[in-house]
Amino acid sequence: MLTVGFIVLQEARGVAEREIAVLEAELIAAKKAELRNYVSIARTAFGPVYGNALPDDEIAKREVLQILAAMTYGNEGFYFVYDYEGTNLVSPRQTWLIEKNWAGLSDSNGVPVVDELIRLARQGSGYHTYTWPKPNSGKPATMVSYVIGLQDWHWAIGTGIFIDDVLASVASARAQTKARVQRTFLYIGGITSAAVFAVFLSGLFLNLRERRLAEDKLKALTQRVFDTQEEERGRVARELHDSISQILVGVRYTLELARRRQTTGDTRAGDSLSSGITHLNGAIQEVRRISRDLRPGVLDDLGLGPALQSLAEEFGARTGIEVDFETVVFRNRLDQDAKIALYRVAQEALTNVERHSGATRVNMLVRGTKLGAVLRIQDNGRGMPETGSEPSGLGLRNMAERMARLDGTLRVISTKTGLMIEAQVPLTHMLTPIAKNPVGLSKGQDAKANQ
């Protein structure tokens, strides 16, 4: 029985370590996705200036540096810029770095910092993990940075985020798991001395209990990750609309004024400024597109059906893939969690179609049934390789997690003629229908409420 108890505890420790490793990977992947979003925001802000500038345009360079120096976020978030020689050009929260050459700089563990960031920028983009002092406290902590290269100017532009909170959470979960495993081993050893049968029953009970507790805690951690992600998307969307969009509109008006003032000079100046205005208008539209992707306002205003239709139309216009959207209006309304989950499943599915399927046509259907609400997305692409019955890939795992949290189901069927993804939400997430044309609502408001 001691041998059996030892084997059981080893298996429990192995399962816990694997689950903790998956959790750590998902948390770090979420941080990296957040970094890509921040760099994308910065690229959108200075893109028109950089796109219209020559390699030796010092005025444009200063303007881009000013934009990046002003774009800070959170308590410790900022953007940094190095030229390919290693000189720091922007570091608003650590100004002692500016105008100094840091080529050859390594962290306390001997990991190259600036040289590696420049190497990744020369290649186009990439992530780098190293130890770096925090701006507020000066204490060293693990940082993950994402950097891109402006090849015409020989600049490396990026931002970083400290992951000490992620590492602390993982370490705490690992310590708690280790303590529970050791405690369980002592329990089994004590009970074994009393009776073999009692040891067997107690060991089985403790193992099942500990595993159930570990699964509940991991599910709660995953829920917090998804909630934080949704909150961050909403916050970034508001920042894009309220700050960067207004700044770009102001620049557009400035360019229009400059064009009017230069009409008495070189006639080509007006054409150049008109082109700049066009690019700025495109940048404003891009900011609004990113805002819609992060948190579509139509989902809150009009409901799931119009939001999915808008998503399908935008996807078709951007990729050239034909999308047939069909919906059957049902008076029972979905709760907020179910609407967000189905919308995110549709986003993930369309992203997979664009990146991997090679499809030319997508059929999207959302409707209500006796069992709940169903979203079905089917393409005519190449399908996916056989990897077993469980969903593979981060995107499909995210879909499955979202449906599992709602007690729903996700089916993924791959054939030679394409891939079908079907997400179903149970009736428990369908709200009671609102009475037709309640007092105080117009006909249009009544239709919106029942969507």
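The values are calculated or read from the model by the stated rules, or taken from the named source; none is laboratory data. None of the values given here were measured: they were computed from a predicted structure. Using ideal geometry, Cβ is built from the backbone for each residue, glycine included, and neighbour counts are taken over all protein chains shown. We work out accessible area using only protein heavy atoms, side chains counted, and drop any ligands, DNA or RNA first. Shrake-Rupley method; radii C 1.70, N 1.55, O 1.52, S 1.80 Å.
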Quick check on my filter: what residues within region 1-42 are closer than 20 Å to F226 by Cβ and of a type in the set (F, W, Y)? Y38
Looking only at region 93-134, which residues are over 20 Å from Q151 (Cα atoms), open to solvent by less than 40 Å² (accessible area, probe 1.4 Å) and part of a loop (DSSP other than H, G, I, E, B)? Q94, D107
I need the full set of residues from region 58-84 which are charged (D, E, K, R) and at pLDDT below 90, in order please. E76
Is it fair to say T360 is in contact with a helix residue (DSSP H, G or I) (Cβ under 8 Å, 6 or more places away or on another chain), modelled with pLDDT of 85 or more and either within 15 Å of L304 (Cβ to Cβ) or open to solvent by 40 Å² or more (accessible area, probe 1.4 Å) (or both)? no
Can you find a residue in region 97-105 that is more than 21 Å from the chain's Cα centre (by Cα) and under 25 Å from L23 (Cβ atoms)? no
Top-ranked residue in region 64-75 [being free of Cβ contacts under 8 Å to residues at least 40 places away in the same chain and open to solvent by 70 Å² or more (accessible area, probe 1.4 Å); ranked as farthest from the chain's Cα centre (by Cα)]: Q66
Of the conditions (1) open to solvent by 70 Å² or more (accessible area, probe 1.4 Å); (2) farther than 15 Å from S125 by Cα, the single one that V15 does not satisfy is (1)
Search result, residues across region 149-160 that are open to solvent by less than 20 Å² (accessible area, probe 1.4 Å) and touching a strand residue (DSSP E or B) at 6+ places or on another chain (Cβ under 7 Å): G149, L150, W155, A156, I157, G158, T159, G160
Return the pairs, sorted by first residue and then second, in which the second residue is part of a helix (DSSP H, G or I) and of a type in the set (S, T, Y), the first residue lies in region 171-197 and is open to solvent by 80 Å² or more (accessible area, probe 1.4 Å), the beta carbons are less than 9 Å apart, and the residues are 6+ apart or on different chains. Y187/S202
The helices (runs of 4 or more DSSP H) lying wholly within region 246-351 that contain at least 1 residues that are in contact with a strand residue (DSSP E or B) (Cβ under 8 Å, 6 or more places away or on another chain), of a type outside the set (A, V, I, L, M) and at pLDDT 85 or above are 304-319
Hey, S137 hits all of (1) crowded, with 18+ Cβ neighbours inside 10 Å; (2) of a type in the set (S, T, Y); (3) at pLDDT below 90 but one; which does it fall short on? (1)
Quick one: in region 415-447, which of the residues that are modelled with pLDDT under 85 and among the small types (G, A, S) is surrounded by the fewest Cβ atoms within 10 Å (Cβ to Cβ)? G440
